[in-house]
Amino acid sequence: MTIPSPTSVTLGEGAFTLAPDTSITIGSPELVPLAALFTTEVGLDTNLPHVFSADGTGTAAGGVRVTFGSEGLNGVPGVAGVRADGASVDERYGVEVSADGIRVWGATAEGVYRGLTTLRQLIAVHGDEIPCQRIIDGPRFAWRGLSFDVVRTFHPPETVRRVIDMCALYKLNVLHLHLTDDQGWRFEVHNRPELVKFGSLGAVADRPGGHYTPLELAELNRYAEERFVTLVPEIDFPGHTGAVSLAFPELTSELPSIPLPNGDKLQFHSLDPADPEVWTFVEDVMDAVIPQFPRSAYLHIGGDEAWGMSDEAHAAFVRRAAELVRERGKQVVGWQEIARADVDPADLTQYWLDVQDIDAISERPEVPAFLIEHLGKARHDVPKALERGCKLLISATTYLYFDRPHAAPSADPAQEETRARVGLRAYPPATLQDGIDWDPVTNTPGVTSDDQVAGVEAAVWCETVTSRDDLEFLLLPRLPGAAEKAWSHTTPTDWPVYAAALAAQAPTWRHRGWTWFQSSEVAWDVQKDW
């Protein structure tokens, strides 16, 4: 009853009983901070009165023993893909619950943390009577993430920390921050103060703007690192540069606007790769953002939806931007359109426009001609990337874009107004089961093995998000489903089994104060309390 589902679970007889003085025995000083964080998180996940003693002085029979070790872990299938921090880390772990006590082990501190996270969920689901069992587990993909739009609605650091907590609870290890777009610029470039003076003022629909100071980003990086989550920054260019045009109008080309069916106009801006001043600007931005995200081995260069640019200009920009990233000792990731620039095989291509959505959108009579043309080109992005030997970061809109409307009604009628309002109507609504009944390899055209996949990353875009509650309404309960697809080796996922495990997460979300959509697809365990 944990999410993601473990590689192996062997059930035993009986249960271990937690008591107010249950001890935690630490096998290495390096693991002390993890045990301390675990006790804090258990208190937030539940209302259990247990006070774990991290020095082994508890008087209750048995206890929790946390150690390094690799016993039994060799049976876990190998992990595929790459990590956002560029490291090679063994995340496999074991959890053994007997009537006499609990043991958590892993070959690395990160592996131990994953095991403690599973134990957190077991306690939240079962309370103080944890059934005897042995769990052996490890991830399918190394990059397991969420792309978080903090531009169209600016989310303060407190909200970002809440999202990091959600990611960590479900063993997601990347939070990709979409920091720049037409509607705003969200971080400081010390020698370009105009970017936050003018570019960060607003958001969508006259919502308040804002940006993160270097101190706030340092704190967010520290908070994420404690939970083994890597923050990856994205600077979106050469398109999506409306905020740049507010600060430096001389750097952007204002392309002809496109009339929309509702009478509005869509204004495009782009950066011209033939302008030397553009590259001075790009280098200033890279030199500012890279040090503010020290754990990330990657810089995301955007590259998507460069509408109005010629194919040649777009490709020239992407190639030069990628070169500048590599010169700074970082690796490149970009949206799937970067494949049109004949990217390096080491560059990650983030696949988002899947064929199902291309077909559905292209058939709608109100869709502008420029978008139809763009969608037609998008059909060739993934084949080009795979031909170059690039790994794909799977973010398919059909399964992993959380800004889709919820399809099923809520079990709570009071949520129906929010369900009608939140989510982009350009996308067909999706059920929770839709987010489970697919596979990153089987459902990605041209992909035949895990070795072609860098990882799995969901995305939440915030055009319709007016508050933190709206954001969480889209994230939960979808985020655990993305984690299931990214972590678990069990495929296909059994929907009834998964739905029961998802239902058991509701008390944790309630204790945490997180908002979630109570889909009628799931028999929520809302009354359980510990």
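Numbers for the structure displayed
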item: Tilt relative to the chain, helix 109-126 - C-alpha long axis, 0 to 90 degrees, to 10; result: 70 degrees
item: Normalised contact order of the chain, rounded percent, pairs of Cα under 8 Å and 6 or more residues apart; result: 16 percent
item: Whole-Hz couplings from phi, Karplus 6.51/-1.76/1.60, listed for the range 331-341; x for Gly and Pro; result: 9, 9, 9, x, 5, 4, 5, 5, 4, 6, 9
item: Surrounding net charge for THR418, when Lys and Arg each add one and Asp and Glu each subtract one, Cβ distance under 11 Å; result: -4
item: Residue pairs, from the table LYS171/LYS391; LYS330/LYS384; LYS171/LYS528; LYS197/LYS391, whose Cα atoms sit over 26 Å apart; result: LYS197/LYS391
item: Summed side-chain charge close to PHE141 - residues other than PHE141 whose Cβ falls under 13 Å, Lys, Arg +1, Asp, Glu -1; result: 0
item: Overall Cα dimensions of the range 190-249, principal axis frame, Å, largest first; result: 40, 28, 24
item: Debye log10 I(q)/I(0) for the range 8-137, one point scatterer per Cα, at q = 0.10, 0.13, 0.21 Å⁻¹; result: -0.30, -0.51, -1.27
item: Long-range amide H partners of ASP181 with built H, under 5 Å; result: ALA243
item: Computed magnitude of the charge dipole of the chain (debye, nearest 20; Cβ of K, R +1, Cβ of D, E -1); result: 720 debye
item: Rel. contact order, % - alpha carbon contacts under 8 angstrom, at least six apart, the range 8-137; result: 37 percent
item: 0 to 90° range, to nearest 10: angle between helix 214-226 axis and the chain longest Cα axis; result: 40 degrees
item: Sum of -39500 (n - 2.57) over DSSP H runs of 4+, divided by residues of the chain (222 nm, nearest 500); result: -9500 deg cm²/dmol
item: Cut-off under 5 Å, modelled amide H: who pairs with ARG152 long-range; result: CYS462
item: Cα pair distances of the chain binned at 20 Å [whole percent]; result: 22, 55, 21, 2
item: In sequence order, calculated HN-Hα J values of the range 295-301 (Karplus, 6.51, -1.76, 1.60; Hz; x Gly/Pro); result: 6, 7, 7, 10, 10, 7, 9
item: Amide H contacts of CYS132 (H built 1.01 Å from N, under 5 Å, at least 5 apart or other chain); result: GLY12, GLY14, ALA15, PHE16
item: Two-decimal Rg/Rh across the range 375-500, once Rg and the Kirkwood Rh are taken from alpha-carbon atoms; result: 1.00
item: Cα convex hull of the range 269-312 - mean projected area over all directions, nm²; result: 3.9 nm²
item: Antiparallel content of DSSP bridges confined to the chain, in %, to 5; result: 40 percent
item: Karplus-derived HN-Hα couplings along the range 479-488 (A = 6.51, B = -1.76, C = 1.60, θ = phi - 60°), whole Hz, x at Gly and Pro; result: 4, x, x, 5, 5, 4, 5, 7, 9, 6
item: Dipole-positive endmost among THR67, PRO20, PHE38 within the range 8-137 (Cβ charges, Cα centre); result: THR67
item: Cα long-axis angle, helix 311-327 against the chain (0 to 90 degrees, to the nearest 10); result: 50 degrees
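Every number here is computed from the coordinates shown, using simple stated rules; none is lab data. Bear in mind that the values here come from a model prediction, so they are computed numbers and not experimental data. Neighbour counts run over all protein chains shown; Cβ positions are idealised from the backbone, glycine included.
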